Amino acid sequence: MPKLNPNPPDFVPTGRYTAERKEKFDEVHEGDFLWPEERKLLHHFMMEQNEGFAWDDSERGRFKPEYFPPVLIPVVPHKPWALKNLPIPPGIYDEVCDLIKTKMAAGVYEPSNASYRSRWFCVAKKNGKLRIVHSLEPLNAVTIAHSGLPPATEELAAHFAGRSCGAMMDLYVGYDEREIHKRCYPHLARGNSGVYAAVH
């Protein structure tokens, strides 16, 4: 990782960390929580690590497969399904099309001519924008469940007893950080738009 300069330079727009994004960052984190030199160091860090941050779908990317291998979804023998989708309401049609194009440009959706087709629909988020929701009940019905158990929360928390712990996260997450194994492509939820619903 790039080393930080203990005497950080003045801010210079770098890659994704533009002047506009820096101003927005300062606006959200205004106040005297950080000293001026600490804030300057923070902006220096953002400049050095600018490709590690995503500000929109086109910059989000995904985990490197050499560290996080593609996910292989084991399934039992079954017949392909082709479910009819509900029509897109005319009032949101253009917005839905733009959303699909954005996901295709980001590599989240890919063209498909698979024999499977699952339903999907849109819901409005708190900010008024649309989110596409894919109905994966048919896939869930044929997926072989993992026999492992998640870690016990109380046992995990006990390891932190008597210690000071602090964290701050503001993740730009879309549940597509890892690739899906090519062998799973035929089973993925394909919408009427002719694209895979969750390739990555």
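Values quoted throughout were computed directly from the atomic coordinates according to the rules given, and no laboratory measurement underlies them. Since the structure is predicted, the reported quantities are computational estimates derived from the model, not experimental observations. Don't worry about glycine lacking a Cβ; one is built from the backbone with ideal geometry, like all the others, and counts go over all protein chains shown.
Per-structure values
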{"item": "Vicinal HN-Hα couplings computed from phi for the stretch 31-43 (Karplus, 6.51 cos²θ - 1.76 cosθ + 1.60; Hz; Gly/Pro x)", "result": "x, 9, 4, 10, 5, x, 6, 5, 5, 5, 5, 4, 5"}
{"item": "For the chain, built as a Gaussian network whose Cα springs stay under 10 Å, the top-fluctuating residue of 14, 102, 153", "result": "153"}
{"item": "Cα gyration tensor category, rounded, prolate or oblate, for the stretch 34-130 with a/c compared to 1.5", "result": "oblate"}
{"item": "For the chain: rounded, prolate or oblate by the Cα gyration tensor [a/c cutoff 1.5]", "result": "prolate"}
{"item": "Cα gyration tensor category, rounded, prolate or oblate, for the stretch 5-48 with a/c compared to 1.5", "result": "oblate"}
{"item": "Karplus 3J(HN,Hα) series, Hz, for the stretch 69-79 with 6.51 cos²θ - 1.76 cosθ + 1.60 (x for Gly, Pro)", "result": "x, x, 7, 9, 9, x, 10, 7, x, 7, 9"}
{"item": "Built amide H within the under 5 Å cut-off of residue 120, gap 5+", "result": "86, 135"}
{"item": "The chain: angle of helix 19-28 to the longest principal axis, Cα-based, in degrees nearest 10", "result": "80 degrees"}
{"item": "Lys, Arg +1 and Asp, Glu -1 on Cβ, resulting dipole of the chain about Cα centre, debye, nearest 20", "result": "1140 debye"}
{"item": "Total formal charge among the other residues, if their Cβ is under 9 angstrom from that of residue 69, Lys/Arg +1 and Asp/Glu -1", "result": "-1"}
{"item": "Taking the stretch 1-74 and dividing mean pair separation by its residue count, relative contact order in percent (alpha carbons under 8 Å, at least six apart)", "result": "42 percent"}
{"item": "Within the stretch 47-131: Cβ-based charge dipole about Cα centre, in debye rounded to nearest 20 (Lys, Arg +1; Asp, Glu -1)", "result": "620 debye"}
{"item": "Relative contact order (%) - criterion: Cα under 8 Å, at least six apart; region: the stretch 1-142", "result": "21 percent"}
{"item": "Phi-based couplings in Hz for the stretch 44-51 (Karplus 6.51, -1.76, 1.60; Gly and Pro marked x)", "result": "5, 4, 4, 5, 5, 10, 4, 7"}
{"item": "Neighbour cut-off at most 14 other Cβ (10 Å), DSSP loop, trypsin sites (Lys or Arg not before Pro), the stretch 1-97", "result": "3, 84"}
{"item": "GNM top mover of 77, 111, 69 - the chain, alpha-carbon springs below 10 Å", "result": "77"}
{"item": "Choice from 97, 122, 165 with maximal GNM fluctuation in the chain (Cα, 10 Å cutoff)", "result": "165"}
